[in-house]
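Down below is the structure, laid out as structure tokens.
The values are calculated or read from the model by the stated rules, or taken from the named source; none is laboratory data. All values reported here derive from a predicted model rather than from experimental measurement. Cβ placement follows ideal geometry from the backbone for every residue including glycine, while neighbour counts extend to all protein chains displayed. The protein model used for the area step is the full one, side chains on, heavy atoms only, and it has no ligands, DNA or RNA in it. Shrake-Rupley method; radii C 1.70, N 1.55, O 1.52, S 1.80 Å.
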Amino acid sequence: MNNTEKLSINQTDGLPLFSQILPEQIVPAVTQAIENNKALIEKTLATDIPFTWDNFINVLDEADDHLGKLWSPVSHMNAVVSNDPLREAHDACLALFAEYGTFVGQHKGLYEAYLSIADSEQFACLKTEQKKVINDALRDFKLAGIALPENKQKRYGEIKQELALLQSQFSNNVMDATLAWSKLITDVNELDGLPENAVAAAEQAAQEKELQGYLLTLEFPSYLPVITYAKNRSLREEVYTAFSTRASDQGPNAGEFDNSDIIDQVLALRHELALLLDFSDFSEYSLATKMAESPDQVITFLTELAEKSRPQALQERDQVLAFAKQMDNLDQLQAWDLSYYAELLKQHRYAISDETLRPYFPENKVVSGLFAVVKRLFGLTIKESFDFDTWHEDVRFFHIYDQQQTHLGSFYLDLYARAHKRGGAWMNDCRVRRRLVNGELQLPVAYLTCNFTKPVGDKPALFSHDEVITLFHEFGHGLHHMLSKIESSAVSGINGVPWDAVELPSQFLENWCWEPQALALISGHVDNGETLPAELLEKMLAAKNYNSALMMVRQLEFSLFDFVLHHQYKPQQGSQVQSVLSEIRAKVAVITPPQFNRFQHSFSHIFAGGYAAGYYSYKWAEVLSADAFSRFEELGIFNAETGQEFLQAILEKGGSEEPMALFKDFMGREPQIDALLRHCGIK
Ligand SMILES: [Zn+2]
């Protein structure tokens, strides 16, 4: 038995044998699989016969699929049942994968082989999905600088390296600045208004440092309750000031972890990188791999949303102001007052808590209700299987069948929070749908992971409405992965779907959590089976849209700032951050932050992470999902015909075509913002 076979894959159904994976097998198995793949690449390239889909792309793809299947249970288990030896083996492999990624991405021979297929006569005869695989690969090779002359390629490498370093310094500064400030409270009365769990967390934070009292920090879970609930206005001001000046030239740690220069350098290098690759600015470079087609389209889209939302945002702001005046005789709302009075007003208007709703959402009712919803929508049947290998006894396993009872795919469902499981919720692929070299079809398998409250005693787990929404969201991603009809792994399921489009199916499915007809299927009181009463639903809907225009303009301010900053960058002009920010705020914001505010200095999404000139993606995907859902609002939320159309146009196609084309297939037109505004209660 060789090393790669040792990382157990069941020979009959091809699913991982999680329970038999030993940490000491991992590094040797991955090392060997990567070596095999590299050898296969060189051997495949060293022939005289013309390259084709079958003799070249599918052969190499199968080798990568093998590596992926080897790795998927390892990275999954590291996320959900982690332990030291597993993490060590996992982390050791990351370097191997990074090296392999560079080897493939910079391989001239591979690039030329793809080019030769694209230029050959056979290209016209390939399937749409196959053409997309080849075009995407060529695009990615080019974005990696492979087609550049040598001197430019060298500069490309330098820029990439400098950027990686600067971006990592940016986040280190944010982290250090966050850690550098804290405040010890000795009199618990100063924390008046904070929820009990926030007070307890502050007390625990103090104990961990062997201090007496309550320690407030700038970590988000500490900051958020203070700014939202603390009655003490000067405490809110102090914490706000420290938080909003992190890693900048302002505030209590001014100049100590200052990201000002790093921001300017990052922008300059990104611009240079874009020019090297023949784009006119970095926003165009970013859009090369996204659904949005041009910078103008993105800016028009964001501006239109802002224009439509701003009048209501002004009203919402004024209502909070009037409430603050009435409550505490406040004449002017400062930045540190807004969240506080907004939350007070919300409680005042719609007292509704998670705890009131939980008894209506017991686990079995919610899960079987979810399955009933997708049966009505897409004709799917979901059956539980009890014969499978797993990483934890709480995990369940299901198969999905279509109307003809054809098996489409399967998924693992791992719902509860536990120690050594990473927080949050996500969908990941265990196996992707593809046509194997031997002609057989490999069916997709997904991991659906959540962190919900475990059942207590012999009572079923009771979910909050937010948890129900999360489950629907991740299941939407899961359906995108599992209902794929595509046979080429690079564009099968969610593969090859740009990230401004990938949230479409997930956010789309969330909509059913707010519909009375669907709630009748997913809710049933744990004691008497009663479905969610209409008056509770009305309150939920009203609370859902509370201050939605204020939140909308805030997200638009961030999105426009990010996009315009990268789009309008002028190398000869020096620092442009503050001027762009002021320009955007004048147009969009309804609350002008204080002069000292430096939120951009901790905006890691765009200066440290991959959301540069891409922060708009959040709103973009929301518009798509709301717009797509509007067809169901028109024709009935369980209209099976519309369900089939969504299935065929979006879910089954995965990344095999441009998402704008797929969207237009379903809607018969380009996306419009009206439905999102309506769903947010913005008139
Ligand atoms: Zn998502």
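Give me the net charge for the shell around PHE282: Cβ to Cβ below 10 angstrom, other residues only, Lys and Arg +1, Asp and Glu -1. Mind showing how you got there, number by number?
Numbers: positive: ARG270; negative: GLU272, ASP281, GLU284.
Charge balance in the 10 Å sphere: -2.
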With +1 at each Lys and Arg Cβ and -1 at each Asp and Glu Cβ, the charge dipole magnitude of the chain around its Cα centre, to the nearest 20 debye, comes out at 640 debye
With +1 at each Lys and Arg Cβ and -1 at each Asp and Glu Cβ, the charge dipole magnitude of the range 1-139 around its Cα centre, to the nearest 20 debye, comes out at 180 debye
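For the full complex of protein chains and a 1.4 angstrom probe, list LYS290, LYS683 by accessible area with the highest value first. Don't jump to the answer; show the numbers that get you there.
On the way: LYS290 25, LYS683 205 Å².
In descending accessible area the options line up as LYS683, LYS290.
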So, with points 7 Å from each Cα along the Cβ direction, the GLU99-GLN332 label distance in nm works out to 6.1 nm
So the FRET efficiency between LYS587 and ASP354, C-beta based with R0 = 51 Å and rounded to 0.05, is 0.90
Label model pair ASN545, GLU645: point-to-point distance (7 angstrom along the Cα→beta-carbon line) in nm is 2.5 nm
Restricted to the chain, the DSSP antiparallel beta bridge percent, nearest 5, is 80 percent
Cross-link reach from LYS43 to lysines, straight Cα distance under 22 Å and at least 8 residues apart if same chain, gives LYS108
Projected onto the charge dipole of the chain (unit charges on the beta-carbon of Lys, Arg, Asp and Glu, signs +1, +1, -1, -1), the Cα from PHE243, GLY496, GLN644 with the largest positive-side position is that of GLN644
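Taking a probe of 1.4 Å, how large is the accessible area per residue of the range 402-516, in Å²? Walk me through the numbers on the way to the answer.
On the way: 4060 Å² over 115 residues.
Using a 1.4 Å probe on heavy atoms only, each residue of the range 402-516 averages 35 Å².
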Pseudo-spin-label distance THR406 to ASP48, built 7 Å along Cα→Cβ, given in nm, is 4.3 nm
Along the range 292-297, Karplus-curve 3J(HN,Hα) (6.51, -1.76, 1.60; θ = phi - 60°) to the nearest Hz, with x for Gly and Pro, reads 4, 9, 8, x, 4, 4
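Rank-order 664-672, 359-367 by packing density, defined as the average count of other C-beta atoms within 10 Å over each peptide's residues, highest first.
Numbers: 664-672: 14.3, 359-367: 20.8.
With the highest mean Cβ count within 10 Å placed first, the list reads 359-367, 664-672.
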The range 438-475 scanned against label point 7 Å out from PHE388 along Cα→C-beta; backbone N under 16 Å for 443-450, 475
Nearest-0.05 FRET efficiency for LYS459 and GLU219 at R0 = 25 Å, using Cβ-Cβ distance, is 0.15
Excluding residues fewer than 8 positions from LYS231 in its own chain, the aspartates and glutamates with Cα under 15 Å of it are ASP187, GLU190, ASP192, GLU196, ASP328, ASP337, GLU343
When the charge dipole of the range 587-681 is computed with +1 on Lys and Arg Cβ and -1 on Asp and Glu Cβ about the Cα centre, the Cα farthest towards its positive end, among VAL588, ALA661, ALA626, belongs to VAL588
Contour minus Cα-Cα span, ASN438 to ASN135, at 0.36 nm per residue, comes to 106.6 nm
Asserting the computed 222 nm helical MRE of the chain (DSSP H runs at least 4 long, -39500 (n - 2.57) per run, divided by residue count, to nearest 500) equals -18000 deg cm²/dmol
The FRET efficiency for ALA322 and LEU536, from their Cβ-Cβ distance with R0 = 35 Å and rounded to 0.05, is 0.80
Burial-style ranking of 222-231, 81-90, average other-beta-carbon count within 10 Å with highest first, yields 222-231, 81-90
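At a 10 angstrom cut-off on C-beta neighbours, averaged per residue, how do the peptides 619-630, 33-44 rank from highest to lowest?
Numbers: 619-630: 22.6, 33-44: 16.2.
The most tightly packed comes first, giving 619-630, 33-44.
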Ordering HIS465, HIS420 by the accessible surface of their heavy atoms, 1.4 Å probe, largest first, yields HIS420, HIS465
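For the range 250-320, what class follows from the C-alpha gyration tensor (a ≥ b ≥ c being the square roots of its eigenvalues): rounded when a/c is under 1.5, otherwise prolate if a/b is larger than b/c, else oblate?
Numbers: a/c = 4.38, a/b = 1.15, b/c = 3.81.
Judged from the Cα gyration tensor, the range 250-320 comes out oblate (a/c at least 1.5, b/c at or above a/b).
Could you please state how large a percent of the accessible area of the range 441-554 is carbon and sulfur, counting protein chains only and using a 1.4 Å probe?
The value for the range 441-554 is 54 percent carbon and sulfur by accessible area.
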The alpha-carbon center of the range 30-77 and that of the range 515-563 are separated, in whole Å, by 46 Å
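Roughly how many Å² is the accessible area per residue of the range 643-683, as a whole number, for a 1.4 Å probe? Don't skip to the answer; put the middle values down first.
Numbers: 1710 Å² over 41 residues.
Spelled out: the 1.4 Å probe surface of the range 643-683, per residue, equals 42 Å².
Placing +1 at every Lys and Arg Cβ and -1 at every Asp and Glu Cβ, with all other atoms neutral, what dipole size does the range 130-195 have around its Cα centre, in debye to the nearest 20? Could you put the intermediate results ahead of the total?
Values: 9 positive and 9 negative charges, 175 e Å.
Here the range 130-195 has a charge dipole of around 840 debye.
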With 0.36 nm assigned to each residue of separation and the Cα-Cα distance removed, SER368 to GLN20 gains 122.2 nm
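Using a 1.4 angstrom probe with every protein chain in place, what is the largest-first accessible-area order of ILE21, ILE522?
Values: ILE21 20, ILE522 0 Å².
Ranked from most to least accessible, the order is ILE21, ILE522.
Run through the DSSP bridge list for the range 373-517 and note the antiparallel percent, rounded to the nearest 5.
Percent antiparallel among DSSP bridges in the range 373-517 is about 75.
Give me the net charge of LEU184's neighbourhood, meaning all other residues with Cβ under 14 Å from the Cβ of LEU184; Lys, Arg count +1, Asp, Glu -1.
Around LEU184, the charge tally is -4.
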Taking a probe of 1.4 Å and leaving out DNA, RNA and ligands, the range 1-82 shows per residue an accessible area in Å² of 46 Å²
The answer for PHE452, listing residues at least 5 apart or on another chain whose modeled amide H is closer than 5 Å to its amide H, is TYR416, ALA417
If unit charges are put on Cβ atoms (+1 for Lys and Arg, -1 for Asp and Glu) and the dipole of the range 251-314 is taken about its Cα centre, the option from SER309, GLN297, TYR285 lying farthest towards the positive end turns out to be SER309
In the structure shown, of LYS325/LYS539; LYS69/LYS619; LYS346/LYS459, the pairs separated by more than 27 angstrom at the C-alpha atoms are LYS69/LYS619; LYS346/LYS459
